[in-house]
Amino acid sequence: MKILLFRYRFLLLALISLIIAIVVNNSALPFYSKELCTSKFNKELQNKDIELEKTVSYFANFIKNAKPQKLFIQEKDQLEKLYNEQGISIFVFEDDSMAFWSHNAVPVLNSFNLSELSATIVRLQTGWYRVNIQKEKNLTVAGLALIKSEYTHQNQYLQDHFQKDFSLPENTQLNFNQRASENHVFDSKGKFLFTLIYDSAIHFNQLKNYFVITLVLLVVLFLILFFQNEIVRRLKQNQGFYFLLFSITLIVGRVLTIQTQFPGIIYSLDLFSPVHYATSWAFPSMGDFLVNALLLCYLFYFINQKMPLKSAFVDRLSIAKKDYLGLLVVLLVLAFALLITMWLSGLVLHSDVLFNLSNIFELNYLSLTGYFIASLLLFAFYLLCDKAMGVLLLLKIKNTRIAQLVLFAFLPFALLSYQESGSFDLILLIWPLPVLFTIWWIKTKQNKIYNFSTVLIIVLVFSIYASHVFNSFSSFKEIENRRVLVQKLAREKDPIAEYLFKEIEEKISVDKKAKSLSSEYWKNREELDTYLKENYFNGFWDRYDLQVTVCREQDSLFVAPMEQRVNCAAFFENLINVTGEKVNGSNLYFLDNNSGRVSYLAKLTIHSHYPNKNTQYLFLEIDSKFKPEGTGYPELLLDASEIVQSADILNYSFAKYKDGKLVSKSGPYQYTIFSSPYLKTENDLHFFKKEGFDHLVYSPESSTSIILSLPSRNGMHRLTAFSYIFAFFSLLLLLVLFFKNSPSDYTLFWFDFKTRIQSVLIGTVILSILLFGAGTVYYIQKQYNQKNSNLISEKISSIINELEDKIGLEPKLNNEMEHYLSLHLVKLSHVFYTDINLYSPNGDLLASSQNEIFNLGLSGRKMNTNAFFRMAIENNTEFIQEENLGKLNYISAYMPLFNTNGELIAYLNLPYFAKQNELEKEISFFLVTLINIYVLLFVMSVVIAVFLSGFITGPLQLIRTKLRDVKLGKSNELIAWKGNDEIGSLVNEYNQMIVKIAESAERLAQSERESAWREMAKQVAHEIKNPLTPMKLSVQHLERARKDKAPDFDKKLERFTQTLVEQIDTLANIANEFSSFAKMPGQIPEPLDISELVQGSVNLFKGSEEAIIELEILTEIELTVKADKNQLLRVFNNLIKNAIQSIPYERQGKIEIKIDLESKANKVLISIKDNGSGISAEQKEKIFTPNFTTKTNGTGLGLAIVKNIVEDSGGEIWFETKEMIGTVFYIKLPLLN
């Protein structure tokens, strides 16, 4: 029963895991559900209410005895902490005007609006807030606690989320309809507040899903292990058939999982989505690619470790068949190498995954998965090469012939590789060859021992190949993407303008003055133009030219290029129909006119106030100006989907030329004003290199050209990619070795002197890099922040000077001057490339160059609280700090603005987010460059450490080798060393020791020879006496018979002759045995398959009737030792013969021979067990002594010779015995590999 349980243990574990997975998947987990989540939120919200009420009460009591302005001084830090940790903001109104605000992120109006804050829960522009209001005379304290941030659009900076005290899924919505049947939220008094609407149950099942996925993976793992064990048990019977069966089972199972998408819970993961990668039915997703790579790697590992090579089959092959088989093996290796290139190139070309190692911040988990897949495929290739080289060596093909086979197989490989890549790429062609050569070197020159240097060479080759594949095919992919992108730029849209126009359209449609001016448009055209520009198309829109036209149905329009009059409305309608593309959600049309500018046309219907007036159409022509770089908050105003669509261009520089002149540009590359330097060919799409950039020129028509540029990839990019991949592969290798070896192996590994030197050198370099890198990053960030602070300080001082010239005569600034002030701020923002805000001395917003942020409520119209405290209360002349909008962090500077009378009229604010992306990119560039350099240094340190440690430990290894080879009675070489260093002293000591050993050995040998001759003489004399006695007696009896003239003398003579011959034979046998012992021939060691050798010895005694002989080989791995074949065969013959002779006559003999592997010691253990009479206690000590025997006719030299042969082969022999039960002899020999 125990045997059956052990055999089917993995099948049982798979069954148990499957049952648990099914039960868990079909059950509702009680510890996390919508109901519990809602209940927890109710408690959290009620606790928040209590905290909000306490806070409001505290500040209501505070302002009873102090002015609200005191809060800036005494409670500022506490209120800042309250907002950051609990999302609570405090506002104090004095006579309905805001006198204090704890934070300007909440868009509350400056004057108290009861309708705005009357409800206990209010919806402001940026989210939902719980409100608590307390009044004291003319003072009102309003406390707002954030429940959930909700923005009009979503992007990386603006994301809907619940305040961190609430444990709710981010996609949960608030519904104020009480008719919903569940998930209600109430206040502490039981009053209904709202209902929680959960998007789906996925969030609540995540824990269960992960648990089920883990169980499913365990089921698969246990099933594979079960089938593996079953196949291994049967491999002895028919290796090829059962391996083929195992492989087909895995492949069929894998195909079924792909076709049925089973298990669905795993295929629901993002990794298995075809959105990221798909090439064929076998590779429908990156997750499937990963599973395929794992299975392939496992199959090759199974072949390498579980299927030993058999020489018996190979020996029967002819030389020609061996050559054909060798060629087939090499072709198989090169075909798999070609497949790896095809798979990895497909991974790069047919996925949306970035593999740009020049900037590791762009990588994600999919990128790491791709690199891991590459490592699996390359490890599988190593396993295949290792097995293939083993086959070639087993075929006993000469080295020159192997080289010829590889070169012959290389020709079709090169042609197929050319067909795949389209060029003769040297690295893609030759990369398998150094791997094969290294493995051949290991197997033929290093006794199949993988040392650190050879492993490093293989990892280096794999890293060079992988980095080249990812680099070259990523470059090819980028070129193709650039072709598409440059054509998109020919009809580029402005998503910010499209987004902002939707709001403008709504406002114009209800603007009575705009309607009135439209009705009187032809009387005073400039008035409508001015009105629209001043009230709607300012700030961001200053980068566009605006042309306003009002058309009635009967109006005509003179078109200059055509020099004729046409119907006004029909002209614009035709323009829309021919080149227009409607923007969703508005009456704005994008014009695809190849003008080199971003062009829009808006058609707004104006219904007249006057009766009997026809409907009018307001047409707005919006064309981009030439503006090298813009200012503003671009990504804040974009939805995430729009950011993705426009993000492709961020890494490029581009320029547009119209009629040979530059009309727009973006990016770091400095283009010329005229396009002539770039248009040197007639092709509408061509590439060229110039000034360190790769340029692509596209000419959609003869008058328009677009240039898209990207910094050229140089050798540093390739070296960086190689360094990262080498570090990645090395880390994976270390992890494999860590989990493969036992703790004792780690101890032995660590105490290897060469390894300790390498570890210390590499560790020192890594520690130095980490410390120096941390210091450098800190210094760079500090210097960069200081540089930006100085830059913004200079800018704000310059703007102050400009404003003092423009508005310095004003005695006071107020909100009625907003338009006038905004015009000045917009102009200055274009000059200084920064956004500008102007606040009153009371902290109210007066004007801004970017009103969109305040109109959308992304920031309140109050000055930052901390800045107001520093400027208005502490009277700083300048203040710079970090601020944030959503998740966008930026530098903000403040400075007071005085008029010509020295009176404070405003506070100037420069929020430096217009350049924040550039600042972040520049810091990121510094960090990436630094990391790249350090990774490269790490790789160099590893390589240097390997060779330096070899140089340092070389003399020590030489001494170790010489010490290991020192043997008494043999000529031991001295070491020649010229240096006078510590190594030289050690060498001198060694040489002196060798001389002394030689002298001692000579004396000892002389003594042993004399002693041996004496012992030998005694033994020879003793052995000769035994047959001489019967010979003497026989002669005496014959002499007496002759004298007595015995009648049977002839018979007695015959018996005498027979006896004499027998004794002479005995003397001859004794002479031969002593001769064999004294003249043991020198060993001729060669690689031997120990299993085949023992099998051959067993076959000699198979026909014996005295005993049944059984041989059991307990491992599938080929066990190769290096020893003298004839002598080792003599050992097993002698032991088996002794075992048979030890069995009593009345007992059926049984001899069990077992061969097993001791993997930790790297040795083979052979046991020979008999059921004979055993060895007595007094005989045990003498069993291996020459001359001792338990037989009546033995010389006692057999086991002595056996022991001598085993020990000369580097092994050991011992025995265990029980009298009348039997004896077991053990032989342990070192393996060659």
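The values are calculated or read from the model by the stated rules, or taken from the named source; none is laboratory data. Because the structure is a prediction, the values reported are computed rather than measured. Here Cβ is always computed from backbone atoms with ideal geometry, including for glycine, and neighbour counts include all displayed protein chains.
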Ile20 is checked against (1) assigned to a helix (DSSP H, G or I); (2) among the β-branched types (Val, Ile, Thr); (3) crowded, with 16+ Cβ neighbours inside 10 Å; (4) in contact with a Leu (Cβ under 8 Å, 6 or more places away or on another chain) and fails just one. What number does that condition carry? (3)
Every pair of residues 6+ apart whose Cβ atoms lie under 7 Å, when the first sits in the range 32-52 and is among the aromatic types (Phe, Trp, Tyr) while the second is surrounded by 13 or more Cβ atoms within 10 Å (Cβ to Cβ): Tyr32/Phe204; Phe41/Phe166; Phe41/Leu168; Phe41/Val185; Phe41/Leu196
Would you mind finding the one in Ile464, Ile504 that is hydrophobic (A, V, I, L, M, F, W, C) and in the same structural domain as Leu732 (by TED's automatic domain parsing)? Ile464
Can you name the number of the only condition in (1) out of contact with any helix residue (DSSP H, G or I) (no Cβ under 6 Å at 6 or more places or on another chain); (2) farther than 24 Å from Leu79 by Cβ; (3) at pLDDT 75 or above that Glu918 fails? (3)
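Pick from Asn801, Asn814, Asn837: which is without any contact (Cβ under 8 Å) to a residue 40 or more places away in the chain, more than 14 Å from Phe898 (Cβ to Cβ) and among the polar types (S, T, N, Q)?
On the way: Asn801 fails: more than 14 Å from Phe898 (Cβ to Cβ); Asn837 fails: without any contact (Cβ under 8 Å) to a residue 40 or more places away in the chain.
Result: Asn814 is the single residue among Asn801, Asn814, Asn837 that is without any contact (Cβ under 8 Å) to a residue 40 or more places away in the chain, more than 14 Å from Phe898 (Cβ to Cβ) and among the polar types (S, T, N, Q).
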Reported set for the range 154-182 where residues are closer than 18 Å to Glu44 by Cβ, at pLDDT below 85 and in contact with a strand residue (DSSP E or B) (Cβ under 6 Å, 6 or more places away or on another chain) is Leu168, Glu170
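Of the residues Glu1039, Glu1062, Glu1015, which is loosely packed, with under 14 Cβ neighbours inside 10 Å, farther than 30 Å from Ile1166 by Cβ and modelled with pLDDT of 75 or more?
Sole residue among the options that is loosely packed, with under 14 Cβ neighbours inside 10 Å, farther than 30 Å from Ile1166 by Cβ and modelled with pLDDT of 75 or more: Glu1039.
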Please state which of the following conditions Ile905 fails to meet, knowing it meets all the rest: (1) at pLDDT below 90; (2) out of contact with any helix residue (DSSP H, G or I) (no Cβ under 7 Å at 6 or more places or on another chain); (3) farther than 24 Å from His153 by Cα. (1)
Going by the conditions given, is Thr400 in contact (Cβ under 8 Å) with a residue 12 or more places away in the chain, hydroxyl-bearing (Ser, Thr, Tyr) and at negative phi? no
Scanning the range 403-430 for residues that are among the aromatic types (Phe, Trp, Tyr) and touching a residue at least 60 places away in the same chain (Cβ under 8 Å) gives Phe408, Phe410, Phe413
Would you check if Leu299 is in a helix (DSSP H, G or I) and under 27 Å from the mean Cα position of the chain (by Cα)? yes
Cβ-Cβ under 7 Å, sequence separation 6+ or interchain: first residue in the range 253-280 and crowded, with 16+ Cβ neighbours inside 10 Å, partner modelled with pLDDT under 90 and assigned to a helix (DSSP H, G or I). Which pairs? Pro263/Val216; Ile265/Asn209; Ile265/Val212; Ile265/Ile213; Ile265/Val216; Ile266/Ile213; Ile266/Val216; Phe272/Ile266
Gln850 versus (1) within 22 Å of Glu534 (Cα to Cα); (2) assigned to a loop (DSSP other than H, G, I, E, B); (3) out of contact with any Phe, Trp or Tyr (no Cβ under 9 Å at 6 or more places or on another chain): which is the lone unmet condition? (3)
Quick check on my filter: what residues within the range 513-545 are basic (Lys, Arg) and outside any helix (DSSP H, G or I)? Lys523
Does the range 223-242 include one or more residues that are surrounded by 15 or more Cβ atoms within 10 Å (Cβ to Cβ), touching a residue at least 12 places away in the same chain (Cβ under 8 Å) and within 16 Å of Ala21 (Cβ to Cβ)? yes
Looking only at helices (runs of 4 or more DSSP H) that fall completely inside the range 416-512, which ones have 1 or more residues that are modelled with pLDDT of 85 or more and farther than 30 Å from Gln850 by Cβ? 426-430, 432-445, 452-489
For the range 808-837 the number of residues that are touching a helix residue (DSSP H, G or I) at 6+ places or on another chain (Cβ under 9 Å) and not in a helix (DSSP H, G or I) is 7
Consider the range 756-807. How many of its residues are acidic (Asp, Glu) and not assigned by TED's automatic domain parsing to the domain that holds Tyr820? 0
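From Ile147, Ile121, grab the single residue that is assigned by TED's automatic domain parsing to the domain that holds Gly190, at pLDDT 90 or above and over 15 Å from Phe59 (Cα atoms).
Every option except Ile147 fails the conditions.
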Here are some conditions: (1) at pLDDT 90 or above; (2) outside any helix (DSSP H, G or I); (3) under 18 Å from Tyr890 (Cα atoms). Leu858 meets all but one. Which one does it not meet? (1)
Restricting attention to the range 515-543, the residues that are surrounded by fewer than 20 Cβ atoms within 10 Å (Cβ to Cβ) and touching a helix residue (DSSP H, G or I) at 6+ places or on another chain (Cβ under 7 Å) number exactly 4
